[in-house]
Amino acid sequence: MIFGVGIDDIEVKRIKKQIDGSTKFKEKIFTAKEIEYCESKNNYAESFAARFAAKEAFLKAVGTGWSEGLQFKDIEILNDEKGKPMVHLYGKAKQIIVDIKLGYIHVSLSHLKDVASAIIIIEE
């Protein structure tokens, strides 16, 4: 059974401006593994934007927003060996999932030159 669904879209240029303007933004929002992955791509801003959207979509799907003291880096979006994006949780995000006894988290990312999107589905 589905517990929650979240979706988010973001303009790639907004994320690119933040990334190119300050390393503090990257370090606050993304984990070292996410940064390494995204920076390995020619379209790095699209990859960063899609992950940003996924983090926002997760908050919508779990239904807490930022009210539980979550941090962006508590939610990590990495790809498996076949390229499928996967959600890894740490800190408060992981604790929320454990406390509510939620199941598998599905994530899908999409990006074009101008817009990145993500959808999260959390099972009970």
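If the condition is being within 24 Å of Ser40 (Cα to Cα) and aliphatic (A, V, I, L, M), then region 68-103 contributes Ile75, Ile77, Leu78, Met86, Val87, Leu89.
Scanning region 22-46 for residues being over 26 Å from Gly65 (Cβ atoms) and either in contact with a Phe, Trp or Tyr (Cβ under 8 Å, 6 or more places away or on another chain) or not hydroxyl-bearing (Ser, Thr, Tyr) (or both) gives a total of 5.
The numbered conditions (1) out of contact with any Pro (no Cβ under 9 Å at 6 or more places or on another chain); (2) on the phi < 0 side of the Ramachandran plot are all true for Ile77 except (1).
Return the residue satisfying two criteria in turn: it lies in region 1-18 and is free of Cβ contacts under 8 Å to residues at least 60 places away in the same chain and over 11 Å from Glu46 (Cβ atoms), and of such residues it is surrounded by the most Cβ atoms within 10 Å (Cβ to Cβ).
Let us first name the residues in region 1-18 that are free of Cβ contacts under 8 Å to residues at least 60 places away in the same chain, namely 14, 16-18.
Remaining after also requiring over 11 Å from Glu46 (Cβ atoms): 14, 17-18.
On the way: Arg14: 13, Lys17: 13, Gln18: 18.
The qualifying residue surrounded by the most Cβ atoms within 10 Å (Cβ to Cβ) is Gln18.
If a residue counts only when it is at pLDDT 95 or above and under 18 Å from Ala118 (Cα atoms), which helices (runs of 4 or more DSSP H) contained entirely in region 1-93 have at least 3 such residues? Steps first, please.
On the way: elements: 12-21, 23-29, 32-39, 44-62.
Result: 12-21, 32-39, 44-62.
Within region 80-93, the set of residues being surrounded by 13 or more Cβ atoms within 10 Å (Cβ to Cβ) and either within 14 Å of the chain's Cα centre (by Cα) or under 25 Å from Val12 (Cα atoms) (or both) comprises Pro85, Val87, His88, Leu89, Tyr90, Ala93.
For region 94-116, the candidate set comprises residues that are under 12 Å from Ala53 (Cβ atoms) and surrounded by 14 or more Cβ atoms within 10 Å (Cβ to Cβ); within that set, the residue that is modelled with the lowest pLDDT is His111. Looking across region 80-124, the residues that are without any contact (Cβ under 8 Å) to a residue 12 or more places away in the chain and not charged (D, E, K, R) come down to Gly83, Gln95, Val98.
The values are calculated or read from the model by the stated rules, or taken from the named source; none is laboratory data. Quick caveat: nothing in here was measured; it's all calculated off a predicted structure. Positions of Cβ are backbone-derived with ideal geometry, glycine not excepted, and every protein chain shown enters the neighbour counts.
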